[in-house]
Amino acid sequence: MVISGVSKSDSLDILQPANLTSDMILEMEEEFALLRNAFSKTSITDEHIAFLTKQWYISVLARIRINAFRIELVGGLYEDLLSSLVASVEAEAAVGNAVYILPSLYNHDCDPNAHIIWIDNADAKIKALRDIDEGEELRICYIDASMDHNARQEILLQGFGFQCNCSRCLHGD
Ligand SMILES: C[S@@+](CC[C@H](N)C(=O)[O-])C[C@H]1O[C@@H](n2cnc3c(N)ncnc32)[C@H](O)[C@@H]1O
């Protein structure tokens, strides 16, 4: 999970690539003001909430965005789940977003060997998509892997802030 490090000035870009409208910025500012206001009404001293700056809030939202999973509950056969790769499922199917400690550690691969699934409840389970060698890193796919090389690179860079080092991308596929 990306939880440490100094937030970069481009956090805001990673937060909502391409779609960051002035309304959304306004909404974030309102949420931040609400949060600060809530703290200021408690007996917590200013010194203890000195960390609570707008930049801190934005960096937290950015980290949540990078690490969060869109939960799509799937009932039915285990085998059917293979067809429901993360980003290919319609947004309407999502029941919420969540950050999980362990699943947040999985790196992305455009040819993943594992997939996070939700069956009946919000407990995240990992399903192998093929035989996995001992010691092989488990990697999931953050996006729709059926897109072409350039489209995947762009989404991963703009949306998740990294240049993909998976074998498929390194081979220009
Ligand atoms: C959800 S975290 C995954 C865990 C992260 N590697 C860690 O150690 O905390 C996502 C971050 O991992 C890195 N990452 C994941 N998949 C990657 C990939 N295929 N190529 C390069 N960096 C990747 C990027 O820095 C990305 O922002």
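The values are calculated or read from the model by the stated rules, or taken from the named source; none is laboratory data. Just so we're clear, the structure is a prediction, and the values are computed from it rather than from any experiment. Cβ placement follows ideal geometry from the backbone for every residue including glycine, while neighbour counts extend to all protein chains displayed.
Of all residues in segment 140-155 being in contact with a Cys (Cβ under 7 Å, 6 or more places away or on another chain) and within 17 Å of Ile116 (Cβ to Cβ), which is nearest to the ligand (Cβ to nearest atom)?
Cys141
Taking segment 156-173 as the search range and keeping residues that are in a loop (DSSP other than H, G, I, E, B) and of a type in the set (S, T, N, Q), which one is nearest to the ligand (Cβ to nearest atom)?
Asn165
Mind listing whichever residues of segment 28-64 are farther than 29 Å from Leu105 by Cα, exposed (fewer than 13 other Cβ atoms within 10 Å of the Cβ) and among the acidic types (Asp, Glu)?
Listed by number, the residues that qualify are Glu30, Asp46, Glu47.
In segment 132-173, which residue that is closer than 17 Å to Tyr106 by Cβ and of a type in the set (Val, Ile, Thr) is surrounded by the fewest Cβ atoms within 10 Å (Cβ to Cβ)?
Ile132
Is there any pair with a first residue in segment 85-106 that is over 15 Å from Tyr142 (Cα atoms) and a second that is modelled with pLDDT under 50 and surrounded by 14 or more Cβ atoms within 10 Å (Cβ to Cβ) whose Cβ atoms are under 8 Å apart and which are 6 or more apart or on different chains, and what are they?
Pairs found: Ile101/Met1.
Report whether or not Asp144 is touching a residue at least 24 places away in the same chain (Cβ under 8 Å), charged (D, E, K, R) and assigned to a loop (DSSP other than H, G, I, E, B). Steps first, answer last, please.
Numbers: touching a residue at least 24 places away in the same chain (Cβ under 8 Å): yes; charged (D, E, K, R): yes; assigned to a loop (DSSP other than H, G, I, E, B): yes.
It is true that Asp144 is touching a residue at least 24 places away in the same chain (Cβ under 8 Å), charged (D, E, K, R) and assigned to a loop (DSSP other than H, G, I, E, B).
If I ask for residues that are of a type in the set (Gly, Ala, Ser) and at pLDDT below 95, which ones from segment 130-145 would you list?
Answer for segment 130-145, where residues must be of a type in the set (Gly, Ala, Ser) and at pLDDT below 95: just Ala145.
Looking at segment 103-125, which of its residues are at pLDDT 95 or above and part of a strand (DSSP E or B)?
Within segment 103-125, Asn107, His108, Ala114 meet the criteria.
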